[in-house]
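Remarks on the structure that follows.
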Amino acid sequence: MTSTDVTTMESPKNLLQVALEAANASGRYLAEGFGRAVDVKFKGDIDLVTQYDLGSEEIIRKILNRNYPGHSILGEEGGLQPSKSAYRWYIDPLDGTTNFSRNHAFFAVSIACCLMIPGRPPRPLAAVVEAPVLRETYWAYEGGGAWLSQDIPGRGPIEDRVKSTQVTNPLQA
């Protein structure tokens, strides 16, 4: 498939299932490492990177490549794995590295897949944000809405549609 050939459209729901699998696997890895000794390095003046950033991205890339070997992947740590596919995955394997390295639970795994057609803006098809220590997973896919899954101690897992409001411009009436 070339970057302009989208005759074989991937199912956003299937893309989401793979993104959820990758986020869950990576989230388990990060949760196991949370609170342990972290080897912090700088990748610039202020940006941190740890062994958990690198390990998380490796887990995600393996799952994405196993399921969609022809897709391109752009990861925060590993850069671009190019392809001629119209599909590109975006990965932030440890969004909140500073918090993670300081044992603050506010960090997440972020994964999204977009359709890339030259001359058009990227079209988001599926996305997942998993906060493993908080036990929250947010996800959305084209045509399926946005969702939140929480595992609340003592109450078990719940799933709710994330409520949103649409803001309209009264001047465009």
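Could you tell me whether F106 is out of contact with any Leu (no Cβ under 6 Å at 6 or more places or on another chain), aromatic (F, W, Y) and more than 14 Å from G27 (Cα to Cα)?
On the way: out of contact with any Leu (no Cβ under 6 Å at 6 or more places or on another chain): yes; aromatic (F, W, Y): yes; more than 14 Å from G27 (Cα to Cα): no.
For F106, the condition - out of contact with any Leu (no Cβ under 6 Å at 6 or more places or on another chain), aromatic (F, W, Y) and more than 14 Å from G27 (Cα to Cα) - is not met.
Among the residues of the range 23-80 satisfying the criterion of being among the acidic types (D, E) and assigned to a loop (DSSP other than H, G, I, E, B), which is nearest to N103 (Cα to Cα)?
The qualifying residue nearest to N103 (Cα to Cα) is D39.
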Residue check, A19 surrounded by 15 or more Cβ atoms within 10 Å (Cβ to Cβ) and not charged (D, E, K, R): yes
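Output the residue which, of all residues in the range 29-54 that are surrounded by 13 or more Cβ atoms within 10 Å (Cβ to Cβ) and either hydrophobic (A, V, I, L, M, F, W, C) or out of contact with any helix residue (DSSP H, G or I) (no Cβ under 9 Å at 6 or more places or on another chain) (or both), is modelled with the lowest pLDDT. So that I can check it myself, show each step before the final result.
So the first thing to find is which residues in the range 29-54 are surrounded by 13 or more Cβ atoms within 10 Å (Cβ to Cβ), and the list is 29-31, 33-34, 38, 40, 48-54.
Applying the additional criterion that residues be either hydrophobic (A, V, I, L, M, F, W, C) or out of contact with any helix residue (DSSP H, G or I) (no Cβ under 9 Å at 6 or more places or on another chain) (or both) yields 30-31, 34, 38, 40, 48-49, 54.
On the way: L30: 97, A31: 97, F34: 94, V38: 79, V40: 83, L48: 85, V49: 90, L54: 95.
If we take residues in the range 29-54 being surrounded by 13 or more Cβ atoms within 10 Å (Cβ to Cβ) and either hydrophobic (A, V, I, L, M, F, W, C) or out of contact with any helix residue (DSSP H, G or I) (no Cβ under 9 Å at 6 or more places or on another chain) (or both), then V38 is modelled with the lowest pLDDT.
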Filter pass, I59 being under 15 Å from the mean Cα position of the chain (by Cα), within 18 Å of A126 (Cα to Cα) and of a type in the set (A, V, I, L, M, F, W, C): no
Residue match in the range 39-50 (condition: of a type in the set (G, A, S) and within 26 Å of G144 (Cβ to Cβ)): no
Output for the range 83-132, where each listed residue is out of contact with any helix residue (DSSP H, G or I) (no Cβ under 6 Å at 6 or more places or on another chain), surrounded by 15 or more Cβ atoms within 10 Å (Cβ to Cβ) and in a loop (DSSP other than H, G, I, E, B): S83, S85, A86, G96, A105, M116
Test result for G79, surrounded by fewer than 17 Cβ atoms within 10 Å (Cβ to Cβ) and over 18 Å from L15 (Cα atoms): yes
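Does E77 satisfy the criteria of being in contact with an Asp or Glu (Cβ under 6 Å, 6 or more places away or on another chain), closer than 17 Å to A31 by Cβ and of a type in the set (D, E, K, R)?
Working: in contact with an Asp or Glu (Cβ under 6 Å, 6 or more places away or on another chain): yes; closer than 17 Å to A31 by Cβ: no; of a type in the set (D, E, K, R): yes.
Considered against the rule, which asks whether it is in contact with an Asp or Glu (Cβ under 6 Å, 6 or more places away or on another chain), closer than 17 Å to A31 by Cβ and of a type in the set (D, E, K, R), E77 comes out as no.
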Candidate set: the range 1-16, residues that are surrounded by fewer than 16 Cβ atoms within 10 Å (Cβ to Cβ) and modelled with pLDDT of 90 or more; chosen: the one farthest from I59 (Cα to Cα): S11
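The values are calculated or read from the model by the stated rules, or taken from the named source; none is laboratory data. Just so it is clear, the model here is predicted, and its values are computed rather than measured. As a convention, Cβ positions derive from the backbone with ideal geometry for all residues, glycine included, and neighbour counts pool all protein chains shown.
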